[in-house]
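J.: Mind looking over this structure? Questions follow.
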Amino acid sequence: MSDILFRGGRAFLAADAFAEAVLVRDGRIAAVGPEPDLVRRAAPGHETVDLGGGLLVPGITDAHIHPVQAGLERARCDLSEVYGLPEYLDRIISYAETNTTREWIEGGGWDMAAFPGGLPHRSQLDFLDRPAYLLQRDHHAAWVNGLALRLAGITRETPDPPDGRIERDPDGTPSGVLHEGAMDLVGVLTPRPTPQDLTDALVEAQNHLFSLGVTGWQDAIVGSYAGWDDQLPTYLAAASSGRLRARVVGALWWDRTRGAEQIPELIERRAAAEGLERFQATSVKIMQDGITENFTAAVIEPYCRCGGTGLSYVDPVSLKEYVTELDRHGFQVHFHAIGERAVREALDSLEGTDRANRHHIAHLQIIEPPDVPRFAALGVTANIQPLWATHHAQMDELTIPFLGDERASWQYPFADLLRTGARFCAGSDWPVSTADPFQGMHVGVNRTEPGGSVHADYPTAQTPFLPGQCLDLATVLTAYTAGSAWVNGDDEAGVIAPGNRADLVVLDRDPFTEPPGDIWRTGVVTTFVGGEEVYHR
């Protein structure tokens, strides 16, 4: 492998450090510094990459993402790029007409805010000649038709599962929306993807992520959830065959219907990946609550207007026991926590754990102020999905009115976490939202909706959401690079420094020299993994 000299722009090394040029040798960073010095050090016949005034950045690691499911949804009825019932129905009809041999209409990406009260209805899909199962964009609900309900035997007499809710008409008839654990009532009936389907979905997702500068990730659910198939065999096969070129950590799914008896199984699943270069299964994902929009996020005081305090999927006392045992066995714990009670329960369970395991809590929509400094005090990483911290229909119509003014002001407190010394990593939660990290960085800096979003024209979308919580670009870019690589246990990536692996991304501009309002326009020219080009625009 010949030397590669990156020149003609500048390189973002980490934090607020930059360099004029970067030299790569044998897949690793050989030197950073002034261009003339590196030209002298480069081997004869070296390759030169002209940055064209753009910026070279470390490869981005997405710390919370679901690529296999995203790849499957891209191949099914994908509603994520349109908005509104007429547009959804156009996509559904087109998909049904094009895929006449498919037994089910499957897909997802619909937005709660597109429907009155956030709820579609089975009758809107009852024109279909097949059962339909369409996941909400954040995968916490499914929209189904009457045929799907009948096949599942769901009637007005069917009780809600302990970890979910069947939405109902006034007379008790299921309306066609299944929340959280209730999704499984229909999801388990949908046709199973073949091993080849899952591998193709992973490769499709990987190619898309490379085009966005993402060279590694943490798959936030590796296991069976909401009708998904276990992706562990897919990752093991792809890593063994060389088709997996990114570096991935799988967060093994914690079955919330079981207890500590599943830990030996998790240890066996982790062992199945030992020795693989590109994939490790060293994390465990615990989903502690749901989401605010359907009132399943675990909050301390009742929701306004509707009452209730949401769901803690794992009993907090038991949670402490489980986390202590996982930590003892060297697992990282990766939490989903949206409401302030879930955040507190996760933090409480992490008291006294080993910081070397790099535990993290994702989403963090609401944090009660006394809990903000606990992240730094406990050594717990804040795994942020900054894209969601804007005024959009779901926030203004389905969230803030039910939280109340004070609690609504505690949302996504990124700057407060930074001021108290918290460590950040960052992710997209794709396919819940776009995988484009520069859209997320745009919101992290501006707290406004980025251009191109289906919500960009919402009346208050360009009004900064809690602007006192804005981050600077260097901080949020470091979260996506050094922070996320660190939480993945990858100490040879995320920072452009001699000796580190040459996972690098050439951007088409230097966003540090352009208006903050244009960060979302940043695009990727070329992506390298270990010094090998894996994407070029």
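J.: Return the Cα extents of segment 437-508 along principal axes one, two and three, sorted largest first, each rounded to a whole Å.
T.: 49, 26, 18
J.: Using amide H atoms built 1.01 Å from N in the peptide plane, name the residues 5+ places from Val525, or on other chains, whose amide H lies under 5 Å from its own.
T.: The list, which skips near neighbours in sequence, is Val506, Leu507, Asp508.
J.: Using the Cα centre of the chain as origin and beta-carbon charges of +1 (Lys, Arg) and -1 (Asp, Glu), tell me which of Ser484, Phe465, Ser123 is placed farthest towards the positive end of the dipole.
T.: After comparing all options, I get Ser484.
J.: Here's another thing I want to ask about it. Could you work out the Rg to Rh ratio of segment 254-329, with Rh taken as the Kirkwood radius (inverse of the mean 1/r over all Cα pairs)?
T.: 1.12
J.: Can you give me the long-range amide H partners of Trp430? Hydrogens built in the peptide plane at 1.01 Å from N, cutoff under 5 Å, separation of 5 or more residues or another chain.
T.: Sorted by chain and number, the residues that satisfy this are His66.
J.: Please compute the alpha carbon radius of gyration of segment 69-187, then divide it by the globular-protein estimate 2.2 N^0.38 Å. Two decimals is fine.
T.: Taking N as the residue count of segment 69-187, the ratio is 0.98.
J.: Quick check on packing: order 452-460, 130-138 by the mean number of other C-beta atoms within 10 Å, highest mean leading.
T.: 130-138, 452-460
J.: Once a ≥ b ≥ c are taken as the square roots of the eigenvalues of the Cα gyration tensor of segment 60-122, is the result rounded (a/c under 1.5), prolate (a/b larger than b/c) or oblate (a/b not larger than b/c)?
T.: Oblate.
J.: Would you kindly derive the ³J(HN,Hα) couplings of segment 430-442 from the backbone phi angles with the Karplus curve 6.51 cos²θ - 1.76 cosθ + 1.60 (θ = phi - 60°), listing them in order in whole Hz, with x for Gly and Pro?
T.: Computed from phi, the couplings for segment 430-442 are 3, x, 4, 8, 3, 7, 5, x, 6, 5, x, 4, 4 Hz.
J.: Report ³J(HN,Hα) in whole Hz for each residue of segment 89-94, in order, from the Karplus equation J = 6.51 cos²θ - 1.76 cosθ + 1.60 where θ = phi - 60°; Gly and Pro get x.
T.: 5, 4, 5, 5, 5, 4
J.: Turning to a different aspect of this structure: For a quick check: with amide H placed at 1.01 Å from N, whose amide H comes under 5 Å from Ala273's, ignoring anything fewer than 5 positions away on the same chain?
T.: Ala281
J.: Right, something else. For Arg28, Arg305, what ranking results if the residue with the fewest other Cβ atoms within 10 Å of its Cβ goes first?
T.: Ascending number of Cβ neighbours within 10 Å: Arg305, Arg28.
J.: Which value, in debye to the nearest 20, describes the size of the charge dipole of the chain about its Cα centre when Lys and Arg Cβ atoms bear +1, Asp and Glu Cβ atoms bear -1, and nothing else is charged?
T.: That gives the chain a dipole magnitude of about 700 debye.
J.: Sticking with this one: Would you kindly work out the equivalent ellipsoid of segment 166-305 from its C-alpha gyration tensor and give its semi-axes, the square roots of five times the eigenvalues, largest first in whole Å?
T.: With the √(5λ) rule applied to segment 166-305, the semi-axes are 32, 18, 16 Å.
J.: Taking the highest mean first, how do the peptides 469-475, 310-316 order by number of other beta carbon atoms within 10 angstrom per residue? Write out the running numbers ahead of the final one.
T.: Details: 469-475: 19.3, 310-316: 20.9.
Going from most to least packed, we get 310-316, 469-475.
J.: In whole Hz and in residue order, list the ³J(HN,Hα) couplings for segment 29-37 that follow from phi through the Karplus curve 6.51 cos²θ - 1.76 cosθ + 1.60, θ = phi - 60°; x for Gly and Pro.
T.: In residue order, the calculated couplings are 6, 8, 6, 10, x, x, 4, x, 5 Hz.
J.: On to the next question. Compute the separation of the alpha-carbon centres of segment 122-169 and segment 301-359 and state it in Å as a whole number.
T.: Each part reduced to its Cα centre gives a spacing of 29 Å.
Every number in this text was worked out from the coordinates using simple rules, so none of it is lab data. These numbers come from a predicted model, not from an experiment. Every residue, glycine as well, gets a Cβ built from its backbone with ideal geometry; the counts of neighbours run over all protein chains shown.
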